[in-house]
Amino acid sequence: MSSCQITDLPDELLPHICSYLTPDSVCQLEKSCSQLKTKMNQIIIWKKQVESFPVAGIPFGDSSEATFRKCGLRADYFNKRLLDFIVKKSERSGRDNPFRVAIVTKFTIDKMLGDMKSFVASELDGMLTDLKEANENVDIDEFYHHHLKTWHCSVLEQSDQQWNFECSDYVGKWMVHGDGIIPNRKVDSREFHSENDILDVNLMSDSENDDWSSGGDDNDDEDPSDAED
């Protein structure tokens, strides 16, 4: 069914149609036609998508394995925490559809995570090899960190300290514990910076780190047992 045919349907049928789609497909459908953005701005559509996680078969749709690697708990903690935070924050901010804000923000960040994963798979090894060879020929402070790559993404909401932390923490969890995103041996440290509505992620490498070991775990101190709620 084309987007033009969908726009001819009564608004009350759209939630039924969207209930058969994955959250990323709902986002793609909304973008496919300008008329659909207004018709699909129904809380029932986006609330169901938030509640559908974990979602198998889409990138970063299920953090159960990554959560288990982090704390021995099989639950979709990474997604649940981020989505719950954005919904509550957006409700307090008076957004008319907090569930849509949560889904769109998550997939905006997930696209950046996907770009990171592609970079690691195709470019990082060569970059680190070149860097190590270069370090052998020059005198560099052992505490100096080389900049490897920076990613930027808009996180929609005017940021504050809590918003910055939650978005950065979500990225950090996937980078450290997500299989294949940033393998532990590759990168020495990560830097996050969020200002206004832009989230920056920097990868850094230690000059003297022959093993390219990980910079460690993320700094989330909250008890992950709330993922089972």
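Amide hydrogen proximity for Lys149: with H placed 1.01 Å from N in the peptide plane, the residues at 5 or more positions away or on another chain lying under 5 Å are Leu203. Remark: for residue pairs Lys48/Lys149; Lys31/Lys88; Lys89/Lys149, the C-alpha separation exceeds 32 Å in Lys48/Lys149.
Compared with the direct C-alpha span, the chain from Asn41 to Gln161 gains 40.4 nm at full extension, assuming 0.36 nm per residue. Separation of region 1-50 and region 55-78, taken as the distance between their Cα centroids, equals 27 angstrom. With the highest mean first, a sort of the peptides 42-48, 5-11 on other beta-carbon atoms found within 10 angstrom per residue produces 42-48, 5-11.
Every read-out reported here was derived from the displayed coordinates using simple, explicitly stated rules and does not represent laboratory data. Please read these numbers as outputs of a predicted model, since none were measured by experiment. Using ideal geometry, Cβ is built from the backbone for each residue, glycine included, and neighbour counts are taken over all protein chains shown.
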